[in-house]
């Protein structure tokens, strides 16, 4: 794939080390519906769309320049099963949308309150069995572990590199979340 970028976007010269680490550990089914949260110019989302050709991929970012470049990169790489749109986190994503996979290179300076909100929103938007893949700087590793365990009830450290950690959490349907059929009286 070829990617175009510009100054002012994250890692404009090349795909950054954290994103490369994340891309090396994604497991994507051909039919997965995917979300690239905070897509930048689209490196993760384009990979998701290519790996899930029978699914749909949505790329979102709060920066209109990033979304513009993500759209251009989708067209340049002929990925017709994906689209990019402006959204600050989940706020502009259709509330009915559900995903099999959400991936994000989490910005280190986003703030812990926003990170917690994003985790709760991601959990709500994943289908049962859906996966959340995150790459963070190593300094956030323990924070992410605690919060993923709290929100998802599970955490898997897929890879820890020199500067970044790739984590996975899965939306597991708990017995209390299942509804029993109504009983006849």
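Throughout, read-outs are computed from the coordinates displayed, never taken from laboratory work. All of these numbers come straight from a predicted model, not from anything done at the bench. Using ideal geometry, Cβ is built from the backbone for each residue, glycine included, and neighbour counts are taken over all protein chains shown.
Would you calculate, for the chain, the mean residue ellipticity at 222 nm contributed by helices, counting each DSSP H stretch of 4 or more residues as -39,500 (n - 2.57) and dividing by all residues, to the nearest 500?
The helix-only estimate for the chain comes to -9000 deg cm²/dmol at 222 nm.
Modelled label-to-label distance, residue 96 and residue 75, 7 Å Cα→beta-carbon offset: nm?
2.8
Run the simple label-point estimate for residue 109 and residue 50 please: 7 Å along Cα→C-beta, distance reported in nm.
With each label point 7 Å from Cα toward Cβ, the separation is 3.0 nm.
Report the relative contact order of region 17-172, percent, no decimals, based on alpha-carbon pairs under 8 angstrom and at least 6 residues apart.
Working: 321 pairs, mean separation 35.5, N = 156.
Relative contact order comes out at 23 percent.
Kirkwood hydrodynamic radius, region 34-141, all distinct C-alpha pairs: what's the number in Å? Spell out each step's value before the answer.
On the way: mean 1/r = 0.0721 Å⁻¹.
13.9 Å is the Kirkwood radius here.
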